[in-house]
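Reading through the structure tokens given below for one structure.
Since every read-out is calculated from the coordinates, none of them should be taken as a lab result. Every value quoted in this text rests on a predicted model; they were computed, and no experiment measured them. For neighbour counting, all protein chains shown are included, and Cβ atoms are generated from backbone atoms with ideal geometry for every residue, glycine included.
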Amino acid sequence: DVKVTQSSRYLVKRTGEKVFLECVQDMDHENMFWYRQDPGLGLRLIYFSYDVKMKEKGDIPEGYSVSREKKERFSLILESASTNQTSMYLCASSKPVLETMNTEAFFGQGTRLTVV
Amino acid sequence: SQQGEEDPQALSIQEGENATMNCSYKTSINNLQWYRQNSGRGLVHLILIRSNEREKHSGRLRVTLDTSKKSSSLLITASRAADTASYFCATDKTGANNLFFGTGTRLTVIP
């Protein structure tokens, strides 16, 4: 059974804290993604990675960074958490499109982060 | 932006009825996918239709794709209360790995 696991379902952090959101996949996927989901805005891509030690900015990278030291793990970092980063964060992984021509993504359960 | 847009934003039907949701997008795509999300949970892939396909079935799901109109529809037949969820379409550009999601349709099936 394929699995994408996010380390926390719920987090509450204070403004200014450095926050780490962890995501691990067991499918040997090259591609990994971080999205945030807000009411009325759908899913917005924050960062993605096509390979180990590789990262690219998505649509809304400001205030975030990522780390991909191992193929199975993709971490999202909030350098200094702010209240406008309160959101649901979703991690996903997939195989490269040129390998499968199938961009089906597998999602974790999500982390609901509240910044107070 | 290539983001898809679902229509309607919310839909409420009686159990047993059919539910139809639509998705429009802006640029040429390789695939279009539909995902489902239960409240507060991650997304689950439902079905993928390729740009050279016009219709695909999977159980009670029927998806159509009209690339000339840059639109797709998702039909859920004989709906059940357990179908209550948000449904998202997602598109990708030819050769790209990223998925672009719409804002979703919130479906409520009343028992």
Worksheet entry | Most fluctuating residue given options A:Gly42, A:Gly58, A:Gly16, as computed from a GNM of chain A linking Cα atoms under 10 Å | A:Gly42
Worksheet entry | Among the listed pairs A:Lys3/A:Lys95; A:Lys3/A:Lys55; A:Lys3/B:Lys56, those beyond 20 Å (Cα-Cα) | A:Lys3/A:Lys55; A:Lys3/B:Lys56
Worksheet item: Computed from the mean reciprocal separation of all distinct C-alpha pairs, what Kirkwood hydrodynamic radius does the protein assembly as shown have, in Å?
Response: 18.0 Å
Worksheet, complete the sentence: Percent relative contact order for chain A, counting Cα pairs under 8 Å at least six residues apart, stands at 35 percent
Practice prompt. Starting from the exponent 0.38 and prefactor 2.2 Å, build the expected Rg for chain A from its residue count and divide its actual Cα Rg by it.
Written response: 1.01
Worksheet entry | Debye, to nearest 20: dipole size of chain B, +1 on Lys, Arg Cβ, -1 on Asp, Glu Cβ | 220 debye
Worksheet item: Rounded to the nearest 5, what % of the DSSP beta bridges within the protein assembly as shown are antiparallel ones?
Response: 90 percent
Discussion item. Give me the one-decimal nm value for the distance between modelled label points at B:Thr108 and A:Arg112, 7 Å along each residue's Cα-to-Cβ direction.
Written reply: 1.8 nm
Practice prompt. With r as the distance between the Cβ atoms of A:Leu41 and A:Ser67 and R0 = 25 Å, compute the FRET efficiency 1/(1 + (r/R0)^6) and round to 0.05.
Written response: 0.50
Fill in: Estimated D of segment A:30-83 in µm² per second, where Rh is the Kirkwood radius over Cα pairs and Stokes-Einstein applies at 10 °C, 1.306 mPa s
137 µm²/s
Discussion item. Return the equivalent ellipsoid semi-axes of chain B as a descending list in whole Å, where each equals the square root of 5 times an eigenvalue of the C-alpha gyration tensor.
Written reply: 23, 14, 12
Item to complete: Quick one: dipole size for chain A, taken about the Cα centre, charges +1 on Lys/Arg Cβ and -1 on Asp/Glu Cβ, in debye to the nearest 20.
Response: 400 debye
Worksheet item: Normalised by the number of residues in chain B, what is the relative contact order in percent for Cα pairs under 8 Å and 6+ residues apart?
Response: 39 percent
Discussion item. Given the options B:Gly42, B:Ala85, A:Pro61, identify the residue whose Cα lies farthest towards the positive end of the charge dipole of the protein assembly as shown (+1 on Cβ of Lys, Arg; -1 on Cβ of Asp, Glu).
Written reply: A:Pro61
Worksheet item: What range in chain B is the longest one free of trypsin sites (Lys or Arg not before Pro) that are in a loop by DSSP and have at most 12 other Cβ atoms within 10 angstrom?
Response: B:1-53
Worksheet entry | Computed helical MRE - 222 nm, the protein assembly as shown, DSSP H runs ≥ 4 contributing -39500 (n - 2.57), nearest 500 | 0 deg cm²/dmol
